Structures are given as C-alpha cells and as structure tokens.
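The values are calculated or read from the model by the stated rules, or taken from the named source; none is laboratory data. Keep in mind that this is a model prediction, so the values were computed, not measured. Please note: Cβ atoms are built from the backbone with ideal geometry, for glycine as well, and neighbour counts cover all protein chains shown. Note: accessible area is taken over every heavy atom of the protein model, side chains too, but ligands, DNA and RNA are not part of it. Shrake-Rupley method; radii C 1.70, N 1.55, O 1.52, S 1.80 Å.
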Amino acid sequence: MHEVSIAQHLIELSYQAAEGQKILSLQLRLGSTSCVAEESLRFCFDVVARGTLAQGARLDIELVPGPEFQLVSLEVE
C-alpha cells in the first residue's frame, strides 16, 4: 500500500509550507491513471496525520483524467 508513503510525504510538504501553523486542508489533483486509490489515500492520511499539525485536516481531491498527482494548495489556520 504505497498510499502510506504518499500520505507521509504530503504531511512533510505541508509542514514545510505551513511554517508551524495548524493545517486545515489540502487540495489535491488525482489522476485516474495515477495508481493512487482515493479512499486508501484518505484513510492513510488520517492515520499518518494523528498527533501532528495536520490532524483533522480535510483532503479536497479533484479527480482528473491521466496520471497527474499534484498538491495544489494548502489551507492553514
């Protein structure tokens, strides 16, 4: 389940961008051929985010055609 490592990487990128602020939401673009399962990613993100500044953060995922996987924006408190 590579979604765990993807979720961990999303947390790391978010930490860098949030500069110590609580992370409220992440907006992602997820391609239909990206080999990332949306529900698995949501589950893994919730697990990995526990006890961090991203705990409770919302994943807003836009499904698009193709192999794209992109962190579009980040909302912080």
Return the pairs, sorted by first residue and then second, in which the second residue is in a strand (DSSP E or B) and not basic (Lys, Arg), the first residue lies in region 51-77 and is at positive phi, the beta carbons are less than 8 Å apart, and the residues are 6+ apart or on different chains. Gly66/Gly31
Where the second residue is open to solvent by 90 Å² or more (accessible area, probe 1.4 Å) and the first is in contact (Cβ under 8 Å) with a residue 40 or more places away in the chain and lies in region 1-21, which pairs have Cβ atoms under 8 Å and are six or more apart or on separate chains? Glu3/Phe43; Gln21/Glu77
Residues of region 19-35 being among the hydrophobic types (A, V, I, L, M, F, W, C) and modelled with pLDDT of 95 or more, in sequence order, are Ile23, Leu24, Leu26, Leu28, Leu30
Please specify each residue of region 28-55 satisfying the condition of being open to solvent by less than 80 Å² (accessible area, probe 1.4 Å) and touching a Lys or Arg at 6+ places or on another chain (Cβ under 9 Å). Leu53, Ala54
Residues of region 5-20 classified as out of contact with any helix residue (DSSP H, G or I) (no Cβ under 6 Å at 6 or more places or on another chain) and open to solvent by 80 Å² or more (accessible area, probe 1.4 Å), total: 5
